[in-house]
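So the structure is just underneath, and the comments pick up after that.
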Amino acid sequence: HAPDHKSLKPAANSPKISYPKPDNVLTFDLLTNHSRSGTNHNGDQPAHLKLKKNEIAVEHNLKIFDGPEAKYCPAQVYEFVEKDGKKELVINAQNCLHCKACDIKDPTQNINWTVPEGGGGPNYNAAM
């Protein structure tokens, strides 16, 4: 059995997936899902998600795999944006649910996930 990050196929060899809009019965929008998780981050805490090499996200992952960071993260922590005519990866760490999908799935293992300050993470309420 190989590590999960080695199973990702290049985008050219994979069908494009078109996801339906949330139905608000079984599937919900990002903000609803995030608020239900109870995850909390202090605004001044150190970033717990860092790239080992910034250029890998665009030069390798975006070119070959169509930016999987922006797809496998359920909280949309990773976002490719246009800046000065070039794509760059922005990390919205405040959205992180601490599921570690990025640590498991990143094809180049370029994302360094560390335990957030204070041990924050999902705090699901049984009364949802």
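Note on A2 and D103: the extension gain reaches 34.9 nm, defined as 0.36 nm multiplied by sequence separation minus the Cα-Cα distance.
Annotation note: trypsin sites (Lys or Arg not before Pro) in the stretch 11-75 located in DSSP loop regions with a Cβ neighbour count of at most 13 within 10 Å are K16, K52, K53.
Think of a 1.4 Å ball rolled over the protein heavy atoms: the chain then has 69 Å² of accessible area per residue. The sum of -39500 (n - 2.57) across all DSSP H runs of n ≥ 4, divided by the residue count of the chain, sets its helix-only mean residue ellipticity at 222 nm to -3000 deg cm²/dmol. Stretched out fully, how many nm does the piece from N54 to A12 gain, at 0.36 nm a residue minus the Cα gap? Contour length minus Cα-Cα distance gives 12.8 nm.
Within the straight-line cut-off of under 26 Å between alpha carbons, the lysines reachable from K52 are K6, K9, K63, K71, K83, K86, K87, K100, K105, sequence neighbours fewer than 8 places apart in one chain being disregarded.
Contour minus end-to-end for D84 and D44, with contour as 0.36 nm per residue of separation and end-to-end as the Cα-Cα distance?
Details: separation 40, 0.36 × 40 = 14.40 nm, distance 2.81 nm.
The span from D84 to D44 would gain 11.6 nm if fully extended.
Each of [x] 181; [y] 156; [z] 109 is a candidate for volume of the Cα convex hull per residue in Å³; the one calculated from this structure is [y].
Tell me, which longest segment in the chain has none of the chymotrypsin sites (Phe, Trp or Tyr not before Pro) that fall in DSSP loops with at most 15 further Cβ atoms within 10 Å?
Details: sites that count: F28, Y124.
Of all site-free stretches, the longest is 29-123.
Computed from backbone phi with θ = phi - 60° and the Karplus coefficients 6.51, -1.76 and 1.60, the 3J(HN,Hα) list for the stretch 68-77 is x, 4, 6, 10, 7, 7, x, 10, 6, 5 Hz; x is used for glycine and proline.
The values are calculated or read from the model by the stated rules, or taken from the named source; none is laboratory data. Everything numeric in this text was worked out from a predicted model, so none of it was measured. Quick reminder, even Gly has a Cβ in these numbers, built from the backbone with ideal geometry, and neighbours come from all protein chains shown. Surface accessibility is based on the protein's heavy atoms, side chains included, excluding ligands, DNA and RNA. Shrake-Rupley method; radii C 1.70, N 1.55, O 1.52, S 1.80 Å.
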